[in-house]
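J.: Can you keep this structure in mind? I'll have questions shortly.
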Amino acid sequence: MTNLNQQQWQEQLAKSKNAQIIDVRTLEELEEGGKIPNAIHMDIYLPQAFMEKLSAFDTSKDQFIYCRSGSRSFQACNVFEDQGFTNVYNLEGGFNAWTGDVEKI
């Protein structure tokens, strides 16, 4: 896992040819503030559903993961790595620090 600030995260995302953006916040948080465009929602607080979605992902893709502040996404990155993912990026500061585009829910 690599912790990246917003600028680094966006630069790495732009370079990636097979990126997946993962939002691990709750549905309420999504509805409240929106999400980063093209993000796949996987609430880490719903472990069974989280693991079911995770098991369907391609381990060769670059995983760009965020939450509200960076703590839950850090945990999610560890889970991804435990499941065999090698290119996992955590957004430091999470959605609270995000100043890029936002897609409303």
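J.: Could you list, in sequence order, the residues of the stretch 34-53 that are assigned to a helix (DSSP H, G or I) and either crowded, with 18+ Cβ neighbours inside 10 Å or aromatic (Phe, Trp, Tyr) (or both)?
T.: Phe50
J.: While we're looking at this one, here's another question. Can you name every residue in the stretch 69-92 that is over 19 Å from Leu27 (Cα atoms) and either in a loop (DSSP other than H, G, I, E, B) or out of contact with any strand residue (DSSP E or B) (no Cβ under 6 Å at 6 or more places or on another chain) (or both)?
T.: Asn78, Val79, Asp82, Gln83, Gly84, Phe85, Thr86, Asn87, Glu92
J.: Please go through (1) out of contact with any His (no Cβ under 7 Å at 6 or more places or on another chain); (2) at pLDDT 95 or above for Gly33 and return the number of the only condition it doesn't satisfy.
T.: Against the list (1) out of contact with any His (no Cβ under 7 Å at 6 or more places or on another chain); (2) at pLDDT 95 or above, Gly33 comes up short only on (2).
J.: Looking at (1) over 20 Å from Gln8 (Cβ atoms); (2) in a helix (DSSP H, G or I), find the lone condition where Phe57 falls short.
T.: Phe57 satisfies all of (1) over 20 Å from Gln8 (Cβ atoms); (2) in a helix (DSSP H, G or I) except (2).
J.: Being surrounded by 21 or more Cβ atoms within 10 Å (Cβ to Cβ), over 14 Å from Gln12 (Cα atoms) and hydroxyl-bearing (Ser, Thr, Tyr), is that true of even one residue in the stretch 79-91?
T.: no
J.: Specify the residue that is surrounded by the fewest Cβ atoms within 10 Å (Cβ to Cβ); the eligible residues are those in the stretch 6-33 that are outside any helix (DSSP H, G or I) and touching a helix residue (DSSP H, G or I) at 6+ places or on another chain (Cβ under 8 Å).
T.: For the stretch 6-33, the residue satisfying everything is Ala19.
J.: A further question follows. So Ile40 fits all but one of (1) touching a strand residue (DSSP E or B) at 6+ places or on another chain (Cβ under 9 Å); (2) farther than 16 Å from Asn90 by Cβ; (3) among the aliphatic types (A, V, I, L, M); what number is the exception?
T.: That leaves (2) as the condition not met.
The values are calculated or read from the model by the stated rules, or taken from the named source; none is laboratory data. No experiment lies behind these values; they were computed from the predicted model shown. As a convention, Cβ positions derive from the backbone with ideal geometry for all residues, glycine included, and neighbour counts pool all protein chains shown.
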